[in-house]
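Worksheet: the structure to be examined is printed underneath.
The values are calculated or read from the model by the stated rules, or taken from the named source; none is laboratory data. Quick caveat, the model's predicted, so the values are computed rather than measured. Cβ coordinates were reconstructed from backbone atoms using ideal geometry, including for glycine residues, and neighbour counts include every protein chain displayed.
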Amino acid sequence: MTTSVRSPAPSEPRRIALAVSVGGVPAPRRAAASGSGRPEGASLKGRLAPFLPWTELGEPRGTRPPGRRRMPWFVLGYLTVSWLLFAWQAERDGNSWSIDERRVDHLLYRIPRLSEDPVLAFGNLFTGPFLNHDAPQMLYVTVLLALFGASFETREGTRRAALVFFGSTLAASVGAGLVLHLIYPEFLDATILRRAWERTWSGGSAGAFGLMGALAGRARRPWPLLALFVLWEATFASLYRIYTPAFHLVALATGFVVGRRLARRAEAAGRNAAPGPD
């Protein structure tokens with residue numbers, strides 16, 4: 001490190017200018033030479049930061065520092081159990097594989113049970129998520145949890161991930177079931193509603209959407225990511241015209257509320273931890 005002192009010119013006010021250089025390159029020029037020329041925060045990542053999860057000022061109390069990650073034990077455990085059960089129960093069904101719902105009907109959720117046998121219905125909300133009814137659903141749930149569920153769990157922990165998964169499944173099953181109880185068949189007797197009333201409901205897609213909602217809720221500006229997930233589901237709804245989106249959207253909203261609460265706690269913790277003015 002070298003330091004040069006320039007003597008002031010006679011016509012200038014008396015002052016001393018220090019130029020500090022490291023390796024022969026002045027510090028301000030070195031920063032400009034090594035960078036892209038854009039001011040800090042002007043990169044694409046900097047502009048997108050407010051719309052991405054976990055970019056608030058601080059971390060929630062009791063969580064690990066931002067650079068460290070947990071193993072997604074819940075997601076790994078759920079997928080392991082679900083795939084083992086699917087391999088055990090699945091049978092060839094045309095060009096795909098599906099479980100024999102008659103053998104496990106007592107473990108699957110049916111909307112009429114909300115009023116006919118609420119105790120059984122409540123138990124089904126903890127057994128049904130592990131029984132995906134066919135290969136496409138099993139693969140779909142695997143992709144959703146790998147993309148979004150594992151990301152949430154590595155930052156927020158196994159306990160929170162499990163609570164969001166089962167809590168949003170419960171909210172979706174009860175919410176979508178109560179809506180169907182209210183409108184079918186007295187006010188609206190449509191084929192889509194009759195099929196929803198008569199069929200079984202199972203699998204982990206509702207819980208996965210709950211984790212997606214919580215993921216969106218952890219962003220400082222969550223609405224674009226939430227809108228992307230809603231558009232995702234709306235696209236599938238327009239293709240298949242089934243009652244499934246009622247479950248997914250309720251679960252998404254439930255997880256989003258949880259995510260916003262976690263984000264506000266993290267922001268408050270960051271403000272409290274920030275040093276005050278000197």
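General remarks:
- Residue in the range 95-105 that is surrounded by 11 or more Cβ atoms within 10 Å (Cβ to Cβ), in contact with a helix residue (DSSP H, G or I) (Cβ under 8 Å, 6 or more places away or on another chain), closer than 25 Å to Ala214 by Cβ and modelled with pLDDT of 95 or more present: no
- Considering only residues in the range 50-94 that are surrounded by 15 or more Cβ atoms within 10 Å (Cβ to Cβ), outside any loop (DSSP other than H, G, I, E, B) and of a type in the set (Gly, Ala, Ser), the one that is modelled with the highest pLDDT turns out to be Ser82.
- The residue list Gly210, Gly204 contains one member that is under 26 Å from Leu114 (Cα atoms), among the small types (Gly, Ala, Ser), within 10 Å of the chain's Cα centre (by Cα) and buried (at least 21 other Cβ atoms within 10 Å of the Cβ), which is Gly210.
- Within the range 133-173, being farther than 30 Å from Asp93 by Cβ and surrounded by fewer than 17 Cβ atoms within 10 Å (Cβ to Cβ) holds for Arg159, Leu163.
- Among (1) surrounded by 15 or more Cβ atoms within 10 Å (Cβ to Cβ); (2) of a type outside the set (S, T, N, Q); (3) assigned to a loop (DSSP other than H, G, I, E, B), the one test that Glu186 misses: (1)
- So Ser238, is it at pLDDT 95 or above, among the polar types (S, T, N, Q) and out of contact with any Phe, Trp or Tyr (no Cβ under 6 Å at 6 or more places or on another chain): no
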